Structure formats: C-alpha cells, structure tokens
1. At residue 47 and residue 70, where each label point lies 7 Å from the Cα along Cα→Cβ, what is the point-to-point distance in nanometres?
2. What nm distance separates the two modelled labels at residue 80 and residue 62, each placed 7 Å from Cα along Cα→Cβ?
3. For segment 27-95, what does the alpha-carbon gyration tensor say about shape, rounded, prolate or oblate, given a ≥ b ≥ c as the root eigenvalues, a/c under 1.5 as rounded, and a/b over b/c as prolate?
C-alpha cells in the first residue's frame, strides 16, 4: 500500500486518542472550539425560532432529574449549614 503524504492525512484525532482526553461532558468537553460551535448553533436556533423553550414545569423536572442523578452518582454538591442558610434567605427574598 502506498504511503500517504503527511499533508493528505486527516487531522481528526483517532477514537483512541479522543478517549484519553475526554472530560465526561459530552462533545462540549472535547475542546473550546466544540463549545463555541454549540453556542453558535444555539443562538442560531433561537434566532430562527426553532429552539425549544422550556416551560417552568419542564425546567423544574429537568432540575429534579439532574439532581437525582447527581446524588445517585455521588457528585451532588453538599451544602454546609452556612450555604443552606444563605440559599434559604435568598429564596425568601425572591418570593416576597
């Protein structure tokens, strides 16, 4: 088989290379370029009116699901008593 000239070889990392650099955040975790592309796509979808807008109930359910999964995986934030007190005060101010 003929050897490829280096300029003709793909610059896309192999699956093996990619596995070692993943941060566990989906494709956004791969590089800043991917994250920037995702942000641009989101903005474009909103501008075209094609983006999904969560209702307050959908957002609430998504938050519950994320919290439940974080607790199951042992990755949920554990509040100190001071953080919990501050969060409670903040919530009280917003609902008044």
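Here, each number is a calculation from the coordinates, and none is a lab measurement. Predicted model, so just to flag it, every value in this text is computed and none were measured. Cβ sites come from the backbone with ideal geometry, for glycine too, and all protein chains shown count toward neighbours.
1. For residue 47 paired with residue 70, the spin-label model returns 3.2 nm.
2. Going from the residue 80 label point to the residue 62 one covers 3.1 nm.
3. Prolate.
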